[in-house]
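No lab work stands behind these numbers, since they all come straight from the coordinates. Because the structure is predicted, anything quoted here is derived from the model rather than measured. Because the Cβ atoms are built from the backbone with ideal geometry, glycine has one as well, and the counts that use them run over all protein chains shown.
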Amino acid sequence: MDSAVLCMLAARHAPGRIRAWSMDVHFADETERRNARTVARLAGVEHVDVPIPDAVLPELFEQAVLANESPILNARAIASFAFYAEARRRGASVMLSGAGADEVLMGNPGALTAAMARIEEDRRLVQSVLRASVDNLRTRHPAPVAESFTVGNLGTAPWSLSDTSTSEEVRYAAWVLRELVLPPELRGARAHGITVHTPYLDTRFADVALALPESSLRREGVGKWLFRHAVRGLVPDEVRLARKTPRYGHTALSSPARARWLELYREWLSPARMEPLGVILPEAPLSLLERYTRLAPDAPEASVVDRLLMRLCSLAMLHAHAVRLRPCPES
């Protein structure tokens, strides 16, 4: 719905100059792609559905990590990198993104709880590869954050370490945007010469949205209630009332390019790559990978293992390039 609203408004203000974009990748949400076609037709704009072949994702992994300047934890970030490359090739230079709408309008009321569950899984698993001397995940944080969310006995939620004068929901929104949502959107696009604007994060919109009472944002478990009401007549009901679906995609186990992913993982998770990081048990990641290869793609633990393997590969890639680069004299 978020991008649909932007498309309809932009088409009104700049008729004949707008294109609607989506990407065709094996883990894309088919409902969202169908809705994109519907909205483009109603807005009278060209719809460009960019195909992202599965085979290109592992080959672009390293480039995407370097463009994001931070670890990647799922294949969607790589698909976004490939999408922006193709969009630039097709002449795009400025794009509008619906990123941030879920965070400022409580689009997914269960997101914070789900994020806590993922963090608990991640922290428990990472202890199997961390050197004991740097494993501080069981450290308790002092009084200022004592009342914030905790993850079993593994520490405090990462967003709870920021300014405690704001609500837990606002701190979570800021964290998820900074750590997960915006790097692939903004840095990935910038690497290809595309400027991405995020209207829902404009302070004139976000400040108002964040000040709304929860009762205006969530009704009967459905998020963005007031926003859905406000855009009646602008976007079709099947788009306006669509429920949010998870966007996390596996890589190696569920990908048609599984063999290439596993080959890439083995290369970057080797002891020679892990040792220079200083905080990882050099042999542990490959042991974890071997366990991973024996899982079914839909196994409950497959997702958490995949996230850790991608993070470790990302760190190895960032370290390898940092070592190669000459230091900047100005710094």
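Assign one of three labels to region 1-59, namely rounded, prolate or oblate, based on the Cα gyration tensor with a ≥ b ≥ c the square roots of its eigenvalues; rounded applies when a/c is under 1.5, prolate when it is not and a/b is larger than b/c, and oblate otherwise. Verdict is prolate for region 1-59. The C-alpha atoms of the chain define a longest principal axis, and helix 111-126 lies at about 20 degrees to it. Each stretch of four or more DSSP H residues adds -39500 (n - 2.57); spread over every residue of the chain, this sum gives -14000 deg cm²/dmol at 222 nm. Our Cα-only numbers for the chain put the radius of gyration and Dmax at 20.9, 61 Å.
Sites counted here are GluC sites (Glu not before Pro) in a DSSP loop (not H, G, I, E or B) having no more than 16 other Cβ atoms within 10 Å; the longest part of the chain that contains none of them is 70-146. How many percent of Cα pairs in region 1-121 exceed 26 Å? Counting every Cα pair in region 1-121, those more than 26 Å apart make up 29 percent. Counted over the chain, the DSSP beta bridges are approximately 25% antiparallel. If the segment from LEU241 to ASP24 were pulled out straight at 0.36 nm per residue, it would be longer than the present Cα-Cα gap by 75.9 nm.
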